[in-house]
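The values are calculated or read from the model by the stated rules, or taken from the named source; none is laboratory data. Keep in mind that this is a model prediction, so the values were computed, not measured. Cβ placement follows ideal geometry from the backbone for every residue including glycine, while neighbour counts extend to all protein chains displayed.
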Amino acid sequence: MVSANSVPSNRYDASLANSIELKWQKRWEEDGTYHAPNPSGSLASDSERINLPKLFVMDMFPYPSGTGLHVGHPLGFIGTDVYARYKRMTGYNVLHTMGYDAFGLPAEEHARQTGQHPRDNTNSNIENMRGQLRRLGLGHDLRRSIATTDIDYYRWTQWIFLQLFNAWYDDENKCARPISELEDAFSNGSRILENGASWNTLTSQERKDCINSYRLAFLDEAPVNWCPALGTVLANEEITPEGRSERGNHPVYRRPMKQWMMRITAYADRLLDDLENLDWSDAIKTMQRNWIGKSNGAEIVFPVADKEIAVFTTRPDTLFGATYMVLAPEHPLIEEIVPSSWPDATPDEWKQGFPNPQTAIKAYQQLTAQKTDLDRQENKEKTGIFLGVYAKVPVNDKQIPVFISDYVLMGYGTGAIMAVPGQDERDWEFAELFNLDIVRTVEPPTSWDGKAFTGNGPAINSDFLNGLSVDDAKSKMTEWLDTTGNGKIKTTYKLRDWLFSRQRYWGEPFPIVYGEDGLPIGVDERQLPVELPDLIDWAPRSLNENSDPEPPLGRASDWGTIELDLGDGLQSYKRELNTMPQWAGSCWYYLRYLDPDNNQNFVAKDIEEYWMSGDAGGVDLYVGGVEHAVLHLLYSRFWHKVLYDLGHVSSLEPFQRLYNQGYIQAAAYQDARGMYVEASEVIEKDGAFTHNDEQVTRSFGKMGKSLKNSVTPDEMYDEFGADTLRLYEMFMGPLDQDRPWETKSVVGSQRLIQRVWRNLVDEESGNLNISDLEASKELRQLLHRTIQAVNDDMENLRFNTAIARITELNNEITKIPEDTPREVAETLVLLLSPLVPHIAEELWEKLGYETSVVYASFPQADTSLLLEESIEIPIQINGKVKSKITVPSGSTAETVREIALQDPKINSIISGKTIRKEIIIDGKLVNFVI
RNA sequence: GCGCCGGUGGCGGAAUUGGCAGACGCGCAGGGUUUAGGUCCCUGUGUCCAUUAGGAUGUGUGGGUUCAAGUCCCACCCGGCGCACCA
C-alpha cells in the first residue's frame, strides 16, 4: 500500500535498511567473505591474503544466556568489528571470530528446574545468540567459532590439564619442565630431596607422593571456600571482599578439604614482571599487581620458650625497636607455648581478668572465630591478649612479651609479627592500648608531631645501624641476620594457589583416575576426551556448612568406575568426580580459534606461530570488560606461560594489547516501595516521571533484567536497522567510557545514513545520482583532511570522532547544489564502510563495483592537499580575541604582523597606545600586549 | 585511609605540543513542505546585558606560572573504580 503521504519510495528508512542488511548478510555468508586464511591445515586457501601482515582481533567471549542480548552487550563486539574491518582495508590478514563460554552454573540450574539436559539448553542459547550477532553484521570467521562445551574443544582443555599435571616448576631455571625430568634427577642423584632423604630408600608409594607434591596441578588438603548454597567450593578470586560468593552472594565457609590446586604461585614473579611489556591500562595492571601482592623483606627467627617462631617483616632495619611480638589467633604454635599460669608481675591489663593464659587464649580465639571477615575488616579497634610468654630479640637479647591479636592474619607471611610501634601505626595503637614500650629507631624530622614515623631518616637507638638510611640499614641488618643465622631475605605474596575443582555437573571432567592406592593418575592422552556422562537425576540437594560437597558425577554410578590398561594389565580404576571451574575453558580459547578443526594437536605449531607472532607476541587486540581484571586474565596468562615453558606456544604472553570497553547504562525507575518498574512504560512530563500514573524516581545503572531497563537490538532493527544501531553505539562516546543509552538520540545516526544515501541516490527512482565532474578544490581539500583524520581516529579506536568528521564532510556535500562528484562519493562510502558495512556494500555495488567493499583499500590522504592556501588567524589584544584575518599560508611573521596591524578593529583599539609585546605564532595566532 | 580515573551547555560528548572552548549529535525554538500530525528540509541555540551594532562572562572550587591555561603547578570539593589491619 502506498500511504497518503509523500515519502519517496527509496528513502533510507528501517524497512529499506532491513532489506539491504539481510541481503548482504546472506551474501557474506555464502561468499565466506570474512574467512581468514591459515598458512596450512584445513583453513588454508590460495588467498593472497596469507602474505599480508596478520592481525588477531578478539572479544572476550560471552556466556550464552537464555535471555538473549540487550543493546549493552554488543558495544565491544561492534568496536572490534569496526577496527577489524578498517585493518582489513589497510592491508592486514585479520582474524576475528566469536566463541561461547558455555559451561557454567545457569545451564545446570535450568536443568534442575526443567529436567532438560544442560547441553540442549546451552546449544539452543548459542544458536539464538549466533543469530542475534549475525543480524548485527559482525564480520566473523564462523568456521573458527567454538564453544567450550564442544567435546572436540574440552578434549584439549583436558589435554592442557594433563600438561600441568605432568609438569613441575624448576625454581632454579624459573620454568616449568616435564615431571619425568624431575624423577630422573632424583633417581640419578643430580637433585636431592628437600628433607635430605635418599631416593633409593623410598618406597614406591613414597616416591609417588613426593613426585605428586611437585606437580603444577596437584591435590592438596587445605582450607578452601565452601559454598553450600552453590554446592561447590570456590576459588579465592570468586569470593567478594565481604567473604561471600561472587555469583549469587551466598555465604561461604572456610573448611579444610582435599581439592585440586593449580600452582599459580610458582609463576608469581613472572606474572608480575611481564606486566611491564604489555599494552594494558594501568588500572588493570595495578589490580593484577595488588592481587599478586609481592613484598620484599626478611624472615627473622625469635626464640620463644623452647620453640622458635619466625616473623616476616619488610622492615628488618627496625629490629632494635621491636618491643613485643604478636601471633595470629590461629597460629599453630600457640598451644605448644602457652603456659599454665601468668608469669610474675604480669600487668593486670594484659590479663584482662582471666585466671590463666590458657583460658584467656581460648576465649580470645573463640571470639575471633565468631567474627566474619567483614567484621574483622570493618572494626579496626585493636584487641588482643597476652600469651604469658616472652620472646628474645636476636639482635639485643631483649625479652619482649608475646601477644595474640586478630590484626595479625594467619594467611599472610608467617602469621606472626615483630611489633615496632615506633615505625608502624598499627603497632603504635596496640602499644598504647597495652602500655607497651615504644622505641624509635628512625629519627623523625624535627617538625614531626605524629606518632609512628614510617618515613625515611637516619637510624637511631640501633647500635651498628645508627646513622644509616632506611635502605642501607635494611641491607646491613639482612646481612647480619644471614651471617648469624637468625634470619634470611624473604619475599611473600598475597597470591594463593588456584583452587581448581568444583562439585558441579556442567564442567569439564578431569582426565584423572585413582588406583587402589588412592593416588591420582593422569589418563593417557590417547584416551581423551573423557566425556561427561548423561545424568538423569537433577534434583537439588540441600546442603549446609557442615555437609560435604557431593559431586553430581557421583550420581552417574557406572561412569565412576572404569577398566583400563595402564601398562600393567586391565585393572579397575575410580574416576575423579569433580569438574573443572568455568575459567578452564576460557583460559586458552584464543588458541583454538587459530586451528579449530585440528584433531592431532590443540593448535598446529606453524599456525600458532603465524597468528601469535609480534613485538612481544599474542593477540593483537583483546577487548572486554574490566570485571575480568584478575580472574580470567590472570589464569589465562598463567596457563599460557606453562604452555610456553613446555614448548607448546611461541609467545610469552597471550594478550599483547588489552582494551576495556565501557558499559552502556540506562535510566531505571523505582516506585514508592523501591521496586523497579518497566522503564519502557515510564512517561516523562515536565521533568517528572510516572508509571501507571504513579510517581517514580529515576536513577542510572547497568542495563539489564534486574533494573528492568533493557532495550533489545530487535527493537532497534524494527525502528532503525542494524547499521544505525552500530553507528549510534560507536558515536555515543569513547569506547572505554560508560555511557547512558537514549533511544530518542538514535535517530541522529539514522539521519546521517539517510543523508549520505540521499547525496548519492535518487530517493524516488533508487538510481545512482552522482556526477563525473571533478570536485571543487575546497571540497577535495576537505575530503583529504577528513581522510587523514578518520585514519588517525580508526587506528586509535576513536570511532566517535571519526563519525563526527564524516558527518562534517557529508554536511558539506549536502550543501553543494550539483550532484556529488564520484571521487567524493566513493571515498565517503569507503570511509563509512567499517562502521555501517551493509549500506556501504549496497552503495559500493550501485557505484559499479562487483567485488565486496570489505577488501577495498581504505582511502589514504594526499598530503599535498592537506595544506591550505590561505588560513584564518585570530588576532588577540592582551590574550583576548578581537579580530580575525586571512593570510596566505606560509606567510612570514612580518607579513602577518603588518596585515594584523592594518585590521580596522585592531587599529582602532591600539591607536595611540604602545605595543609592549608581540607574540606571533606561525599559522596559529597573533597577540599584542598593550 | 591509600592508589587510579574523571568533573566542559538542557543532554551525550569535541578540543596534537599551553594558542579561536563547546566540533559532531540529541533536545529545544522559529520557518518551509504537508489537509493535519509524523517524516523530510532550512535557520538559530553556553550564560548574562544590549532592539541592533556590540559588550561582559565562561571548562568543579580557591590560588599560582604565562603574552596566552579546559590543558601546566599547589591546595581543596565532588563522583566512579580498585585496594584496605598485607607486617
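Looking only at residues in region A:387-441 that are of a type in the set (Val, Ile, Thr) and in contact with a Leu (Cβ under 6 Å, 6 or more places away or on another chain), the one that is nearest to A:Thr318 (Cα to Cα) is A:Val395.
Comparison of A:Val649, A:Val696, A:Val626, A:Val630 shows that the only residue that is over 25 Å from the mean Cα position of the chain (by Cα) and either surrounded by 18 or more Cβ atoms within 10 Å (Cβ to Cβ) or touching a residue at least 60 places away in the same chain (Cβ under 8 Å) (or both) is A:Val696. Would you confirm whether or not region A:851-858 contains a residue that is within 15 Å of RNA strand B (Cβ to nearest atom) and either among the small types (Gly, Ala, Ser) or surrounded by 11 or more Cβ atoms within 10 Å (Cβ to Cβ) (or both)? So far as region A:851-858 goes, no, none of its residues is within 15 Å of RNA strand B (Cβ to nearest atom) and either among the small types (Gly, Ala, Ser) or surrounded by 11 or more Cβ atoms within 10 Å (Cβ to Cβ) (or both).
Within region A:433-454, the set of residues being within 15 Å of RNA strand B (Cβ to nearest atom), in contact with a helix residue (DSSP H, G or I) (Cβ under 8 Å, 6 or more places away or on another chain) and not aliphatic (A, V, I, L, M) comprises A:Phe434, A:Thr441, A:Lys451, A:Phe453, A:Thr454.
Screening region A:371-394 for residues that are at pLDDT below 85 and either more than 14 Å from RNA strand B (Cβ to nearest atom) or assigned to a loop (DSSP other than H, G, I, E, B) (or both) and picking the one that is surrounded by the most Cβ atoms within 10 Å (Cβ to Cβ) gives A:Lys371. The set of residues in region A:222-246 that are in a loop (DSSP other than H, G, I, E, B) and either surrounded by 17 or more Cβ atoms within 10 Å (Cβ to Cβ) or touching a Ser or Thr at 6+ places or on another chain (Cβ under 9 Å) (or both) comprises A:Pro228, A:Ala229, A:Leu230, A:Gly231, A:Ala235, A:Glu242, A:Gly243, A:Glu246.
Under the condition of being assigned to a helix (DSSP H, G or I), surrounded by fewer than 24 Cβ atoms within 10 Å (Cβ to Cβ) and away from RNA strand B (no atom under 13 Å from the Cβ), the residues counted in region A:795-824 number 2.
Each row is one residue, and each column tells you yes or no for (1) of a type outside the set (Gly, Ala, Ser); (2) out of contact with any Ser or Thr (no Cβ under 8 Å at 6 or more places or on another chain).
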| position | (1), (2) |
| --- | --- |
| A:Thr157 | yes, no |
| A:Phe165 | yes, yes |
| A:Trp168 | yes, yes |
| A:Arg177 | yes, yes |
| A:Ser180 | no, yes |
| A:Gly196 | no, yes |
| A:Asp220 | yes, yes |
| A:Gly248 | no, yes |
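When region A:549-579 is filtered for residues that are out of contact with any strand residue (DSSP E or B) (no Cβ under 8 Å at 6 or more places or on another chain) and of a type outside the set (A, V, I, L, M), the ones remaining, listed by number, are A:Glu550, A:Pro552, A:Gly554, A:Arg555, A:Ser557, A:Asp558, A:Gly567, A:Asp568, A:Gly569. In region A:20-36, is there at least one residue being within 26 Å of A:Ala584 (Cα to Cα), surrounded by 16 or more Cβ atoms within 10 Å (Cβ to Cβ), modelled with pLDDT of 95 or more and in contact with a strand residue (DSSP E or B) (Cβ under 9 Å, 6 or more places away or on another chain)? No, there is no match, as no residue in region A:20-36 is within 26 Å of A:Ala584 (Cα to Cα), surrounded by 16 or more Cβ atoms within 10 Å (Cβ to Cβ), modelled with pLDDT of 95 or more and in contact with a strand residue (DSSP E or B) (Cβ under 9 Å, 6 or more places away or on another chain). Filter region A:829-847 for residues that are surrounded by fewer than 24 Cβ atoms within 10 Å (Cβ to Cβ) and among the hydrophobic types (A, V, I, L, M, F, W, C) and give the result. Result: A:Leu830, A:Trp844, A:Leu847. Condition (residue is without any contact (Cβ under 8 Å) to a residue 24 or more places away in the chain, of a type outside the set (Lys, Arg) and closer than 28 Å to A:Tyr412 by Cβ) applied to region A:190-203: is it met by at least one residue? For region A:190-203, residues without any contact (Cβ under 8 Å) to a residue 24 or more places away in the chain, of a type outside the set (Lys, Arg) and closer than 28 Å to A:Tyr412 by Cβ: present.
Restricting region A:534-559 to residues that are closer than 23 Å to A:Leu162 by Cα and crowded, with 17+ Cβ neighbours inside 10 Å leaves a set whose member that is farthest from the chain's Cα centre (by Cα) is A:Trp559. Of all residue pairs spaced 6 or more apart or on separate chains, those with beta-carbon atoms under 9 Å, a first member in region A:730-753 that is closer than 17 Å to A:Asp13 by Cβ and a second member that is of a type in the set (Lys, Arg) and more than 6 Å from RNA strand B (Cβ to nearest atom) are A:Ser749/A:Arg726. Among the residues of region A:663-678, which ones are in a strand (DSSP E or B) and either touching a residue at least 60 places away in the same chain (Cβ under 8 Å) or hydroxyl-bearing (Ser, Thr, Tyr) (or both)? The answer is A:Ile664, A:Gln665, A:Ala666, A:Ala667, A:Tyr669, A:Tyr676. Restricted to region A:166-217, and to residues there that are among the hydroxyl-bearing types (Ser, Thr, Tyr) and outside any loop (DSSP other than H, G, I, E, B), the residue that is farthest from A:Thr579 (Cα to Cα) is A:Thr201. Region A:1-117 holds helices (runs of 4 or more DSSP H) entirely within its bounds, and those carrying 3 or more residues that are among the polar types (S, T, N, Q) map to A:14-31. Working carefully through the options A:Ala107, A:Ala197, find the one that is modelled with pLDDT under 90, out of contact with any His (no Cβ under 7 Å at 6 or more places or on another chain) and over 26 Å from A:Gly518 (Cα atoms). It is A:Ala107.
Report, by residue number, each residue of region A:137-194 that is among the small types (Gly, Ala, Ser) and surrounded by fewer than 14 Cβ atoms within 10 Å (Cβ to Cβ). Of everything in region A:137-194, those that are among the small types (Gly, Ala, Ser) and surrounded by fewer than 14 Cβ atoms within 10 Å (Cβ to Cβ) turn out to be A:Ser180, A:Ser187, A:Gly189, A:Ser190. Just one of A:Asp273, A:Asp279 is more than 14 Å from A:Met418 (Cβ to Cβ) and without any contact (Cβ under 8 Å) to a residue 40 or more places away in the chain; which is it? Result of the check over A:Asp273, A:Asp279: A:Asp273.
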